[in-house]
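The values are calculated or read from the model by the stated rules, or taken from the named source; none is laboratory data. Worth saying up front: this structure is predicted, and the values here are computed from it rather than measured. Reconstructed Cβ throughout: ideal geometry from the backbone, glycine too, with neighbour counts over all protein chains shown. Just the protein is used for accessible areas: all its heavy atoms, side chains included, with ligands, DNA and RNA removed. Shrake-Rupley method; radii C 1.70, N 1.55, O 1.52, S 1.80 Å.
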Amino acid sequence: MSRIGRMPIAVPAGVTVDIAENNQVTVKGPKGELVRVLPAEMNIAKEGETVVVTRPNDLKKMKSLHGLTRTLIANMITGVTVGYEKVLEINGVGYRAQKQGKTLILSLGYSHPVEMEDPADLEVILEGQNKITVKGIDKEKVGQYAAEIREKRRPEPYKGKGIKYADEVIRRKVGKTGKK
């Protein structure tokens, strides 16, 4: 059995989990509502205050989907109760960010400012001019938007300039040394 897949998912108070046909799971909680269609091969059952995922057989594909399905449901429950956030830092002389309504404007050393429109269900908070926090209830969307922001100017290994995650460690390289 999959070690992750066989663990039951606890449903906290104030959260409702509905399982419709075709394994369409709807999770409602204090922060909002998430709907996702999960693999139809998995058997998802609500037993009291827990959700249990079981697989029909031990084929390699079913083993893979087992842990994935359980983790996706657990992430949905965490999202509607606690929420997710990613923190990005901008390093570099003259690199900065600013917010105009729902638009994030990044000055990253290009000849033009980079403008990014915030997705509807995400909240982008700017702390100072070089710290961006992306918050939301869908883990996948938060991670994807944070990755898109980071991709506008990835951190480079020589001076460490660019946009990096707050918990990311940049492996630094030694630059050229001149002859004496």
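Here are some notes:
- In region 1-71, a dipole from Cβ-located charges (positive for Lys and Arg, negative for Asp and Glu) runs towards its positive end, and of VAL52, GLN24, LEU65 it is LEU65 whose Cα lies farthest in that direction.
- Probe 1.4 Å, protein heavy atoms only - accessible area per residue of region 61-110 in square angstrom: 45
- Calculated P(r) tail over 14 Å for region 1-44, as whole % of Cα pairs: 57
- Counting only residues at least eight positions apart within a chain, or on another chain, the lysines with an alpha carbon under 16 Å from that of LYS173 are LYS159, LYS161.
- Accessible-area composition of region 26-179, carbon plus sulfur, in percent [1.4 Å probe]: 49
- Efficiency of FRET from Cβ geometry, GLU117 and ILE170, R₀ 25 Å, rounded to 0.05: 0.35
- Taking ASP167, ASP58 and ordering them by how much accessible surface each has at a 1.4 Å probe, largest first, produces ASP167, ASP58.
- Extreme residue, positive dipole direction of the chain, given options GLY162, VAL15, ASN130 (C-beta unit charges): GLY162
- Gyration tensor over alpha-carbon atoms, region 3-103, equivalent ellipsoid semi-axes in Å: 34, 18, 12
- Shape summary: region 38-95 maps onto an equivalent ellipsoid whose semi-axes, from the alpha-carbon gyration tensor, are 35, 17, 6 Å in decreasing order.
- Distance from the C-alpha centroid of region 6-21 to that of region 67-144: 27 Å, rounded to the whole angstrom.
- Against the main long axis of the alpha-carbon atoms of the chain, helix 139-151 sits at an angle near 20°.
- Equivalent ellipsoid semi-axes - Cα gyration tensor, region 113-180, angstrom: 31, 12, 10
- Cα Rg over Rh - region 77-151, Kirkwood: 0.99
- Taking only the C-alpha atoms of the chain, Rg followed by Dmax gives 21.2, 76 Å.
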